[in-house]
Every structure is written in structure tokens, then in C-alpha cells.
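Asker: Would you mind keeping the following structure in view while I ask a few things?
The values are calculated or read from the model by the stated rules, or taken from the named source; none is laboratory data. Computed from a predicted structure; not experimentally measured. Reconstructed Cβ throughout: ideal geometry from the backbone, glycine too, with neighbour counts over all protein chains shown. Surface areas here come from the heavy atoms of the whole protein model, side chains and all, with no ligands, DNA or RNA. Shrake-Rupley method; radii C 1.70, N 1.55, O 1.52, S 1.80 Å.
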Amino acid sequence: FKTKWLRDMASLTGTSFINIQEHFRKSKPLTKFFTDEFPTFHSYVIPGFRAPGQDSGRPIAGLAQLSTKSLNIKKIRVKTISPRIQAQILQLPNSKLLWINSYLPTDNGDNNIDQLNEVLSEIENITDSNVFDDILWGADMNWHRGRNTEHCDTVERFLKKIGLLSIWEKFSCDFTHIHTDNKSVSTIDHWICNE
């Protein structure tokens, strides 16, 4: 149902690129699944992962970057270490775009700061060690501006340090997430870019 909805939305809006976090799939025929479900898109997929020692239960995250086959764009995959990050450089007609997709640790107080710093450090390394003109980083950042936690402060400092900003700073967005109570909302998903 979810993949059909996404295909229908992409068709309706003429979407050329899709960024997915939390597809939760860890199964081996992962690439085949995305190829079958999104036949008009090239798929770059990273499986969901389980914590060491966790043998069952739903995998965490899982990332996918889909690009339409109708555009003839050269894509160079960027090697990543963390299963929370994937990246490609898209050779557009007049520029090179670094396209990052990531799923940051949950902001549960101050318990995941080491994990968060590892992910942010790798993203900084990606931006430092690749040649590109612009950057577009789609992420479930679990960062809600104005929330007073070490997680949010760390993300805020990181974005300033590497000179990036959230699209929501320019374009108003009421929320990107509705909590399980179906009332509370937050803006934890972001498109990050250079100015």
C-alpha cells in the first residue's frame, strides 16, 4: 500500500527524485523489491539494520534514493560507513549536486549524543572529501528547532559550522510529523542545503 501511494504521488506531481528514510526492510532481495515496486526509477537502497545482538523484530531505518529513469543523469555513489547515511553525486547539466539521505538517532534526551556525533562527523567527512557545487541533504533528523535538548543544540551547531540551513528557514512548514497521539506535531524531517 505504501509503495503504491508513493508511486501515485510521484506520478501525480512529476517527481524525479525520491528520498526515503525508514523503509524498515532488511531482506536480501531488497534491490529487487525496490526495482519491482518502482520500475520507472533507478534505486539505490541501504537495508535497515538491527543493533548488535538483536536477531528479530523490526529493523531500524533503511534508506533509499530513487531517481527517475527518464532523466539521463550520471550518478556517482559515495562510500559511507554508517547504515544511517547514503550519498550520491548527481552530475546535473550545469553542476554537481551532492545528494545525502540520512536517518539520525532519535532525540530521547541526551542518551544518543555519541551516535549523533558519529553520524554528523561522517557527513562532514563526506562534504570535505568530495567535489560538488551544491548540497541537498534530506533527512529524518529528529531535530525540532527550539527544542531545548543536547541533540537539537548539537544539530544546530553542526549546521552552522558547515554552512548549511534547513529549507524550513525560508519556506514555512507547519509540521512534518504527527505523533502517535494524533494531536502533537513537530518538524523533525528536513531538507538541508547550502544557501
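Asker: For the stretch 143-195, give me the residue count where each residue is open to solvent by 70 Å² or more (accessible area, probe 1.4 Å), within 22 Å of residue 126 (Cα to Cα) and in contact (Cβ under 8 Å) with a residue 40 or more places away in the chain.
Answerer: So the count comes out to 1.
Asker: Something else about it: Which one of 74, 26 is closer than 28 Å to residue 106 by Cβ and either open to solvent by 50 Å² or more (accessible area, probe 1.4 Å) or touching a Leu at 6+ places or on another chain (Cβ under 6 Å) (or both)?
Answerer: 26 is the lone residue from the list that is closer than 28 Å to residue 106 by Cβ and either open to solvent by 50 Å² or more (accessible area, probe 1.4 Å) or touching a Leu at 6+ places or on another chain (Cβ under 6 Å) (or both).
Asker: Report yes if some residue within the stretch 93-111 is among the charged types (D, E, K, R) and in contact with a helix residue (DSSP H, G or I) (Cβ under 7 Å, 6 or more places away or on another chain); otherwise report no.
Answerer: yes
Asker: Please count how many residues of the stretch 133-142 are more than 13 Å from the chain's Cα centre (by Cα) and more than 12 Å from residue 100 (Cα to Cα).
Answerer: 1
Asker: Give all pairs with beta carbons closer than 8 Å in which a residue from the stretch 1-26 that is over 18 Å from residue 140 (Cα atoms) meets a residue that is exposed (fewer than 11 other Cβ atoms within 10 Å of the Cβ) and of a type outside the set (A, V, I, L, M); count only pairs at least 6 apart in sequence or on separate chains.
Answerer: Every condition considered, the pairs that remain are 16/70.
Asker: For the stretch 95-102, state whether one or more residues are assigned to a strand (DSSP E or B), open to solvent by 50 Å² or more (accessible area, probe 1.4 Å), within 30 Å of residue 195 (Cβ to Cβ) and of a type outside the set (Phe, Trp, Tyr).
Answerer: Yes, there is a match, as at least one residue in the stretch 95-102 is assigned to a strand (DSSP E or B), open to solvent by 50 Å² or more (accessible area, probe 1.4 Å), within 30 Å of residue 195 (Cβ to Cβ) and of a type outside the set (Phe, Trp, Tyr).
Asker: I've got another one for you. Right, residue 56: among the polar types (S, T, N, Q), modelled with pLDDT of 90 or more and over 20 Å from residue 189 (Cβ atoms) or not?
Answerer: no
Asker: When residue 42 is evaluated against the numbered criteria (1) closer than 24 Å to residue 126 by Cβ; (2) more than 17 Å from the chain's Cα centre (by Cα); (3) not in a loop (DSSP other than H, G, I, E, B), which criterion, by number, is the only one it fails?
Answerer: (2)
Asker: Regarding the stretch 73-88, can at least one residue be identified that is more than 29 Å from residue 121 (Cα to Cα) and of a type outside the set (Asp, Glu)?
Answerer: No: the stretch 73-88 contains no residue that is more than 29 Å from residue 121 (Cα to Cα) and of a type outside the set (Asp, Glu).
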